[in-house]
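Here is the structure we will look at, set down as structure tokens.
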Amino acid sequence: MPNWGEWVPLDGAPVTDGRDPARDAARAELLNPAYHRHDPSLLQRIKDWIFEQIDRAFGTIGLHGGGMTATVLFLLVAALLAAALWWRFGLPRRTVRTAATLFDSAGPATAADHRAAAAAHAAAGAWDDAVREQLRALIRGLEERTLLDVRPGRTADEAAAEAGRVLPEHADALRRAARTFDDVVYGEHAADQAAYHSLLDLDRAVGTARPTLTGAAG
């Protein structure tokens, strides 16, 4: 006995019409990614939905009024936007900056070695490297004069603070020099010719300064 959707010709063989295969082919064609290339992203659809709800809510307020309703709506919208941003970007991350040591682990070098390296970098226009080497020359010079103890792992800030106690008239300039060193090391600010020459002048001034022995670092 033939089923519904079939018809029986005179010879008795059932023939099925082509409607179902055509429908499946049309569905498969519509699922082709090429037709959805310009569809909005999930985040865009969420934003569109939020703004649609806002429009509806403000339309309701326009019809019925109410200052308290507007305030509640504003807080609700802010919460929805915050939730959407949190879902998209996550919680803000804080970058914890650890102090960099003044001298690397390449081995000890004299103040003259660091000054020569700084001058070579300056001649090449590599101001970041010139600034780093010039501050190392300054601190190593104080160590060679026994005004500072030789202390591996000392940071620029620590060296500047200790040197400032020995040479209080240069304490502020030493702190600024250490800050410049840190900014260059962490890439927050690029050094320039003026920064290098400022450190060079400070090195020369510190090299001839008389220490305050009562504040010498131990």
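Points worth noting:
- Counted by Cβ distance under 15 Å from Ala163, the other residues give a net charge of +2, where Lys and Arg count +1 and Asp and Glu count -1.
- Taken about its Cα centre, segment 99-218 carries a charge dipole of about 360 debye when Lys and Arg each add +1 at the Cβ and Asp and Glu each add -1 at the Cβ.
- Remark: spin-label model distance Ala123-Ala78 equals 6.2 nm, labels positioned 7 Å along the Cα→Cβ axis.
Just so you know, all these numbers are worked out from the coordinates, no wet-lab data involved. Just so it is clear, the structure is predicted and the values come from calculations on it, not from any experiment. Don't worry about glycine lacking a Cβ; one is built from the backbone with ideal geometry, like all the others, and counts go over all protein chains shown.
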